[in-house]
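Remarks on the structure that follows.
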Amino acid sequence: MDNLKEKENTNTGTINISLYEPEVFFDGLDVETIESEYQGFSIIESATTIVSLDENFVNEERLTLLKKQYTRELIALILDEDFEYGFDTKADVLVRSQMQLNALAVKSWLNWIFVENFSNIPVLLGILRIIARFDYREISPEGQTMAGMALSHENVEVKECGVRAFESWGTVESLKELEKLKVSTQWLQEYIDEVVSDLRKEYNVHICQENR
């Protein structure tokens with residue numbers, strides 16, 4: 001049987017309607033088995049589920065590979081290089097090259113490294129500087145999660161890097177995160193207030209508030 005058929009009665013007789021071609025979604029599977037387990041268009045939903053499961057498997061496999069083969073290299077690069085704003089490092093190049101292969105896995109990987117090294121200040125600073133160079137949506141949501149965690153870190157330098165990340169992304173969401181941030185270190189609070197002021201002007205938030 002090339003196609004699974006559905007019969008439809010009409011005034012002119014009975015016609016067969018081809019609903020789907022099983023070889024497209026289930027190449028190599030027994031058609032009679034498919035026909036007994038999947039009725040009508042539900043086979044398309046089943047095919048979508050299989051594709052989704054395959055994608056999840058690929059992402060998990062890639063994440064495992066990143067953890068095992070690239071974690072030490074990335075941390076070594078972070079600890080070995082001096083980060084300068086506006087200049088890519090070997091760590092940046094490594095992360096960007098992996099992002100081109102599987103962005104979802106890389107973002108999960110970076111978040112995992114961040115959590116696992118939450119007491120390792122140099123590693124946190126390196127990760128924060130790397131993610132700050134990506135577009136807001138490109139690194140979302142893990143990037144914003146890491147930057148948010150940095151804002152609550154006890155280390156002032158980590159806090160500053162978190163602020164710089166949100167400043168670099170420069171979105172309304174960044175503004176909302178920084179507006180509620182209060183720190184005891186005067187110079188950092190002044191910096192935060194300056195960034196908040198700039199973002200409010202960019203998005204005309206002060207005008208909206210005054211008109212409420």
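General remarks:
- Cβ-based net charge around Glu138, under 12 Å, with every Lys or Arg adding one and every Asp or Glu removing one: +2
- Prolate/oblate/rounded call for region 118-212, Cα gyration tensor, a/c under 1.5 rounded: oblate
- Each peptide in 105-111, 125-131 gets a packing score, the mean of other Cβ atoms within 10 Å over its residues, and the list from highest to lowest is 125-131, 105-111.
- Peptide packing for 192-200, 151-159 was compared via the average number of neighbouring C-beta atoms within 10 Å per residue; ordered from the highest value, the list is 192-200, 151-159.
- Other-chain or far-sequence residues with amide H under 5 Å of Phe83's (modelled H): none
- About its Cα centre, the dipole of region 129-168 is roughly 60 debye, where the only charges are +1 on Lys and Arg Cβ and -1 on Asp and Glu Cβ.
- Karplus-derived 3J(HN,Hα) values for region 159-173, using 6.51 cos²θ - 1.76 cosθ + 1.60 with θ = phi - 60°, are 4, 4, 5, x, 4, 4, 5, 5, 5, 4, 6, x, 9, 4, 4 Hz; glycine and proline are entered as x.
- With a Förster radius of 25 Å applied to the beta-carbon distance between Asn155 and Asp135, the computed FRET efficiency rounds to 0.40.
- Those residues of region 74-105 whose amide nitrogen sits under 15 Å from the label point placed on Asp198, 7 Å along Cα→Cβ: 85-86
The numbers here are math on the coordinates, done by the rules we state, and not lab data. Here the structure is a predicted model, which is why all the values come from computation and not from measurement. Don't worry about glycine lacking a Cβ; one is built from the backbone with ideal geometry, like all the others, and counts go over all protein chains shown.
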